[in-house]
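The values are calculated or read from the model by the stated rules, or taken from the named source; none is laboratory data. Source: prediction; values computed, not measured. Here the Cβ positions follow ideal geometry from the backbone for every residue, glycine too, while neighbour counts run over all protein chains shown.
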Amino acid sequence: MSDRESDSNANHELIKPSSFQPPEAGASTAPARSGRPLYWIVGALLFLLLAGLWFVLTAKAVKVQVEPAGAEISISGGLVLELGGNYLARPGDYLLRLEKTGYHVLEERIAVQANDDNLFKFSLKKLPGVLTVSSQPESARLEIDGNARGYTPVSDLELEHGSYTYRLTAPRYQPATGTIDIEGMARQQRLHVELEPGWADITVRSKPEGATLSVDGVEQGVTGPDGVVAEVMPGKHVLKLRLPGYQDWEYSLITEANKAQQLPLVTLQPSYATVEVSSRPAGAQVQVNGEYQGATPLTIELRPQATTELTLSKPGYRTLKKQLALPSGSREQLELTLQPVVGEIQVSATPADALLYIDGVLRGRANQTIQLTTTEHKLEIRREGYASHRQSVTPRSGFKQQVKVNLLTEREAFLAQFPKRIRTATGDELVLIEPGGPFAMGSPRREQGRQSNEVQRDVKLTRLYYLATKEVTNEAFRQFRAAHSSGIVQRTTLDNDNYPVARVSWSDAIAFCNWLSRRDGLPEAYRNGQLITPVNTGYRLPTEAEWVWAARYSGGKGERRYAWGDDMPPTGKAGNYADISAQGVVDKTLSSYQDNYVAAAPVGKFDPNPLGLYDLGGNVSEWMNDVYSVEASMAVEADPLGAGAGKLHTIRGSSWRHGRITELRLVYRDSGEEGRDDVGFRLARYAHPKAD
């Protein structure tokens with residue numbers, strides 16, 4: 001066997017039992033237990049040694065730096081050993097407490113790390129200082145760094161260590177400001193401030209004595225042998241001395257704080273005589289010895305005992321003069337009556353029962369002769385249902401003036417403010433149109449030549465508008481777009497200056513309108529291809545309703561069927577249509593009518609309608625403002641604008657290409673988007689920005 005096996009057998013040798021022998025009575029067992037307490041003591045010391053060794057091997061050095069030095073340091077939360085100002089502690093969280101007299105106690109948790117350098121730095125904050133502030137005078141308002149802290153004396157004011165700005169203010173004293181350094185650490189500090197006076201001692205003497213001194217209306221005292229002293233705050237002030245029987249003395253003075261002044265002796269002058277002047281009528285101009293004083297009623301002061309010449313004058317009245325000599329200090333009332341200088345005004349008015357007002361006062365019926373002073377007067381003639389007439393009149397003595405007035409109804413007066421005709425910068429003339437009551441657009445179902453888009457609808461126009469007497473010409477349009485050409489039709493030009501512009505789209509037409517509005521100082525009527533609403537007074541295309549009302553107007557004789565009247569075919573100078581001259585150019589012509597123009601003709605060449613409008617039929621058809629639609633409202637439409645969505649816009653009126661009854665009728669409607677050689681436009685605009 002190997003040695004290891006031998007040892008193994010030896011270790012496994014059987015233990016043989018032995019018989020139990022009880023101890024003899026009285027035998028001592030102490031010798032068998034005498035070594036055990038020593039074992040425990042040695043074991044405990046060994047354990048403590050091992051524990052200490054384990055703590056030393058596993059603990060980390062902890063260093064605490066405190067500003068200022070000398071603070072008492074304590075660390076709790078585990079076993080901590082202090083070694084020469086440093087500490088040993090095992091990794092973990094601890095509570096650090098720092099204490100020093102005059103500083104705030106600092107408690108903070110620290111974490112001791114296993115691998116890091118455990119250096120902890122702290123700065124202690126000083127305890128607040130305790131400040132007591134007093135002042136002369138007391139009850140001064142104290143501010144520290146702009147914050148109010150009470151009224152002096154102020155005690156036990158706690159302030160943190162540092163530098164502070166203080167400010168003390170008190171009524172009638174100059175503010176005091178400064179800085180104070182608070183030491184902190186609960187130390188007591190005192191601050192006492194003497195406030196400088198904010199006033200100045202002003203000494204005033206008078207001759208005679210006994211005058212009452214006031215500063216800015218506040219009484220200060222009475223002058224004596226040494227005068228009177230007033231405490232006056234800095235700034236500009238008005239000093240006044242008052243003594244019965246003497247004129248008030250007044251002086252403007254600028255004072256500085258705590259800077260005394262003594263004014264020269266004031267010699268008071270005897271009082272003026274006072275006279276209260278009134279006149280009938282009031283408002284007369286008053287002069288004293290030729291110097292203007294004001295208008296009555298007026299209180300004036302005169303030199304006592306001296307002879308004074310008083311003069312009163314008022315336009316329309318005779319000048320009045322009076323001599324006065326009044327004793328010193330006296331007060332009198334003087335009422336004077338001025339004699340009028342009159343002239344005659346003869347007023348004649350229609351209607352005869354109109355009323356006459358002069359300077360706002362009713363004087364009876366307007367038809368009378370009235371005497372008025374020779375000054376300007378406001379004359380007004382009124383009657384219910386009529387617009388009042390107002391004017392200024394100045395009568396003249398010895399000369400009778402006549403005023404003749406024919407009152408206008410309110411509607412007539414409203415219309416009178418608008419010119420009947422206006423002219424644009426391009427030379428286009430527009431005529432004022434006053435629309436009547438409701439009218440029907442479209443045509444009845446059985447009318448000869450009727451088209452499906454001529455749906456009948458009721459319309460009412462409420463606003464005055466201007467409509468161009470002629471279509472826009474090539475000459476006018478080329479001021480806006482110089483390169484434009486209206487083209488040629490089979491060797492016949494459409495491009496003469498006085499021909500209507502053609503080959504313009506709806507967008508071209510409204511662009512011209514906006515351009516002309518700007519040129520004439522009017523607001524633009526269109527924005528982003530839409531008519532601006534509410535509609536302003538800028539140039540625009542006529543609405544379909546406006547065009548129809550003007551085109552079918554016959555001077556109270558019903559509505560016209562054609563531009564020239566109600567009968568076919570046209571005769572005389574009815575207009576430029578597809579006549580005999582246009583054969584070979586257009587398919588359908590009027591075989592019995594001759595206008596001598598193959599295509600377009602000069603604008604205004606043919607007869608106008610009763611409103612003085614040319615070419616509402618013939619020459620070129622015209623763009624309308626309206627988006628093309630065949631829908632109709634059941635209710636009466638007021639001032640329809642033809643607004644809506646769509647690329648097509650309405651075209652009204654026949655052109656030089658038309659010779660059939662369908663197109664020649666004034667109810668004929670067409671539509672389009674781009675320009676054509678027989679489509680142009682005319683201008684329109686509202687007369688006023690709002691409906692009347």
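Computed quantities for the displayed model
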quantity	calculated
Qualifying positions in the stretch 587-600 - under 20 Å from ASN498 (Cα atoms) and in contact with a Gly (Cβ under 8 Å, 6 or more places away or on another chain)	ASP595
Selected residue (criterion: nearest to ILE300 (Cα to Cα)) from residues of the stretch 226-279 that are among the charged types (D, E, K, R) and not in a strand (DSSP E or B)	ASP248
Wholly within the stretch 280-382, strands (runs of 3 or more DSSP E) carrying at least 2 residues that are more than 27 Å from GLN401 (Cβ to Cβ)	285-288, 291-295, 298-302, 308-313, 320-324, 331-337
Test for VAL459: is it surrounded by 15 or more Cβ atoms within 10 Å (Cβ to Cβ), over 37 Å from the mean Cα position of the chain (by Cα) and under 29 Å from ARG421 (Cβ atoms)	yes
Residues that are aliphatic (A, V, I, L, M) and touching a residue at least 40 places away in the same chain (Cβ under 8 Å), drawn from the stretch 225-256	MET233, LEU253
Residues of the stretch 521-553 classified as in a loop (DSSP other than H, G, I, E, B) and under 18 Å from GLY672 (Cα atoms), total	4
Residue match in the stretch 507-515 (condition: over 23 Å from ALA645 (Cα atoms) and not charged (D, E, K, R))	yes
Residues within the stretch 310-353 that are surrounded by fewer than 13 Cβ atoms within 10 Å (Cβ to Cβ) and without any contact (Cβ under 8 Å) to a residue 24 or more places away in the chain, tallied	7
Per-region count, the stretch 647-670, residues aliphatic (A, V, I, L, M) and either surrounded by fewer than 16 Cβ atoms within 10 Å (Cβ to Cβ) or within 55 Å of the chain's Cα centre (by Cα) (or both)	4
Residues within the stretch 379-395 that are surrounded by 13 or more Cβ atoms within 10 Å (Cβ to Cβ) and over 39 Å from the mean Cα position of the chain (by Cα), tallied	9
Unique residue being within 28 Å of VAL535 (Cβ to Cβ), surrounded by fewer than 19 Cβ atoms within 10 Å (Cβ to Cβ) and modelled with pLDDT of 95 or more when the list is GLY644, GLY612	GLY612
Matching residues in the stretch 211-247 - criterion: being more than 50 Å from the chain's Cα centre (by Cα), surrounded by fewer than 18 Cβ atoms within 10 Å (Cβ to Cβ) and at negative phi	THR212, VAL222, GLY224, PRO225, ASP226, VAL229, ARG242, PRO244, GLN247
Out of ASP595, ASP579, ASP587, ASP567, sole residue that is surrounded by 23 or more Cβ atoms within 10 Å (Cβ to Cβ) and free of Cβ contacts under 8 Å to residues at least 24 places away in the same chain	ASP595
Filter pass, LEU541 being hydrophobic (A, V, I, L, M, F, W, C) and either at pLDDT below 95 or more than 25 Å from LEU648 (Cβ to Cβ) (or both)	no
Selection count where residues are in contact (Cβ under 8 Å) with a residue 24 or more places away in the chain, farther than 17 Å from THR462 by Cβ, among the charged types (D, E, K, R) and out of contact with any strand residue (DSSP E or B) (no Cβ under 8 Å at 6 or more places or on another chain), scope the stretch 404-446	1
Filter result for the condition that a residue is assigned to a loop (DSSP other than H, G, I, E, B), modelled with pLDDT of 95 or more, within 51 Å of the chain's Cα centre (by Cα) and β-branched (Val, Ile, Thr), over VAL630, VAL603	VAL603
Which listed residue is touching a strand residue (DSSP E or B) at 6+ places or on another chain (Cβ under 7 Å) and in a strand (DSSP E or B), from GLY210, GLY221	GLY221
Selection count, the stretch 190-210, where residues are surrounded by fewer than 17 Cβ atoms within 10 Å (Cβ to Cβ) and either touching a His at 6+ places or on another chain (Cβ under 6 Å) or more than 30 Å from GLY129 (Cβ to Cβ) (or both)	7
Pairs where the first residue, in the stretch 196-220, is touching a residue at least 60 places away in the same chain (Cβ under 8 Å) and the second is buried (at least 19 other Cβ atoms within 10 Å of the Cβ) and acidic (Asp, Glu), C-beta under 8 Å, 6+ apart	none
Which listed residue, of ARG518, ARG478, is surrounded by fewer than 16 Cβ atoms within 10 Å (Cβ to Cβ), part of a helix (DSSP H, G or I) and without any contact (Cβ under 8 Å) to a residue 40 or more places away in the chain	ARG518
PHE606 being among the aromatic types (Phe, Trp, Tyr), surrounded by 20 or more Cβ atoms within 10 Å (Cβ to Cβ) and free of Cβ contacts under 8 Å to residues at least 40 places away in the same chain	yes
Selected residue (only one of LEU356, LEU362 is surrounded by 14 or more Cβ atoms within 10 Å (Cβ to Cβ) and outside the structural domain of GLN247 (by TED's automatic domain parsing))	LEU356
Residues (assigned to a strand (DSSP E or B) and at pLDDT 90 or above) located in the stretch 104-120	LEU106, GLU107, GLU108, ARG109
Residues that are surrounded by 13 or more Cβ atoms within 10 Å (Cβ to Cβ) and aromatic (Phe, Trp, Tyr), drawn from the stretch 47-87	PHE55, TYR87
Scan of the stretch 95-110 for residues that are among the hydroxyl-bearing types (Ser, Thr, Tyr) and surrounded by fewer than 18 Cβ atoms within 10 Å (Cβ to Cβ), ordered by number	THR101
Hits in the stretch 377-420 (condition: over 29 Å from GLU344 (Cβ atoms) and of a type outside the set (Ser, Thr, Tyr))	GLY385, GLU410, ARG411, GLU412, PHE414, LEU415, ALA416, GLN417, PHE418, PRO419, LYS420
